[in-house]
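Structure first, then comments.
The values are calculated or read from the model by the stated rules, or taken from the named source; none is laboratory data. For clarity, every value in this text was computed on a predicted model and none was experimentally measured. A quick note on method: Cβ atoms are made from the backbone with ideal geometry, for glycine too, and the neighbour counts reach across all protein chains shown.
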Amino acid sequence: MSFDSPKLLSRFTRTVMLVLLIIAVPFFYVTFTMWNAFNSESLYNYGFSRYDADQVTGIDNAQLKLAGRDLVKYFSDDRLYLDTKVVVDGQSQPLFNEREILHMRDVKSLVVYLLHWGLWAFAAYIAFFVVAGYMLWQKHMLVILSRGFFWGGIITIFMLAAISASAVIGFDAVFTKFHTISFSNDLWQLDPRLDHLIQMFPEEFFRDAVLLVGGICILMSLVFGGIAHRYLRNKGESVSLLAEMRSHRE
């Protein structure tokens, strides 16, 4: 049996690219959905209404909606520190105290670097896969792409189902663990009696947001994974990764 190094290199490249695609798909779904959640005034307004933020904070709902809009702007503009103001009893005043502002600086760094740039990175790899895959494998690229989206969707469903279940069963522990891992300080430990940030966004709001993000990601996995599965069936191809390995040898 001869050693064909160009063919071996081609098989290795194809395998690596497919594995990276399967990994990129769930992270693309998650970063895309979370980025949109952080920039959703509707989600914030839902939380204000659902958890009676106007009564807890003593700030009327119209001012809270304006504050939510400013939060959305904050994640996209060049401000380092959040300077939201609200009108209470006819007087304009800062909504957040120094501790809350410093915590939001940390949150913005996390959102921008992990979600915004992460989203672009995963989207760029998927686009690269399509272009490079077509150059390398022509029409068979769609078969490999479909297998990547099918298995990426399967991983997403299991991963998000586990996270969503933990959000229902023991969200307190998950919420605390997330913050201790994500932040190097304790600024996130706010006082619900005094701090507007946690009054506006209580822990229950984040539980709801996790369930929403998980549900949307699972739905995306079912839709795109279903399209990929149907395409493979119509082409007479198997979704099995073993089938992909067999095609390397042909």
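Do you know which residues across region 156-205 are among the aromatic types (F, W, Y) and either out of contact with any Gly (no Cβ under 9 Å at 6 or more places or on another chain) or surrounded by fewer than 16 Cβ atoms within 10 Å (Cβ to Cβ) (or both)?
Keep residues of region 156-205 that are among the aromatic types (F, W, Y), which gives 158, 171, 175, 178, 183, 188, 201, 205.
Matches in region 156-205: F158, F171, F175, F178, F183, W188.
Restricting to region 24-37, give me the number of residues that are over 18 Å from L211 (Cβ atoms) and either among the β-branched types (V, I, T) or surrounded by fewer than 16 Cβ atoms within 10 Å (Cβ to Cβ) (or both). Before the answer, list the steps.
Going residue by residue through region 24-37, those that are over 18 Å from L211 (Cβ atoms) are 24-25, 27-28.
Pick out the ones that are also either among the β-branched types (V, I, T) or surrounded by fewer than 16 Cβ atoms within 10 Å (Cβ to Cβ) (or both) and you get 25.
Matching residues across region 24-37 total 1.
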Within region 38-64, residues being closer than 20 Å to D77 by Cα and either surrounded by fewer than 16 Cβ atoms within 10 Å (Cβ to Cβ) or modelled with pLDDT under 95 (or both) number 5
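Yes/no matrix, rows are residues, columns are (1) among the acidic types (D, E); (2) assigned to a loop (DSSP other than H, G, I, E, B); (3) surrounded by fewer than 18 Cβ atoms within 10 Å (Cβ to Cβ); (4) at pLDDT below 95:
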site	(1), (2), (3), (4)
D78	yes, yes, yes, yes
Y81	no, yes, yes, no
H103	no, no, no, no
D106	yes, no, yes, no
S109	no, no, yes, yes
Y113	no, no, yes, yes
G118	no, no, no, yes
A132	no, no, yes, yes
Test: L71 is surrounded by 14 or more Cβ atoms within 10 Å (Cβ to Cβ) and within 23 Å of S184 (Cα to Cα):
yes
Query raised in the report: Right, A24: in contact (Cβ under 8 Å) with a residue 60 or more places away in the chain and within 30 Å of V143 (Cα to Cα) or not?
Result: yes
So, first residue aliphatic (A, V, I, L, M) in region 73-97, second residue exposed (fewer than 14 other Cβ atoms within 10 Å of the Cβ) and assigned to a strand (DSSP E or B), Cβ within less than 7 Å, six or more apart or across chains; the pairs are V86/Q93
Filtering region 45-67 for residues that are assigned to a helix (DSSP H, G or I), closer than 14 Å to L197 by Cα and touching a residue at least 60 places away in the same chain (Cβ under 8 Å) leaves a count of 7
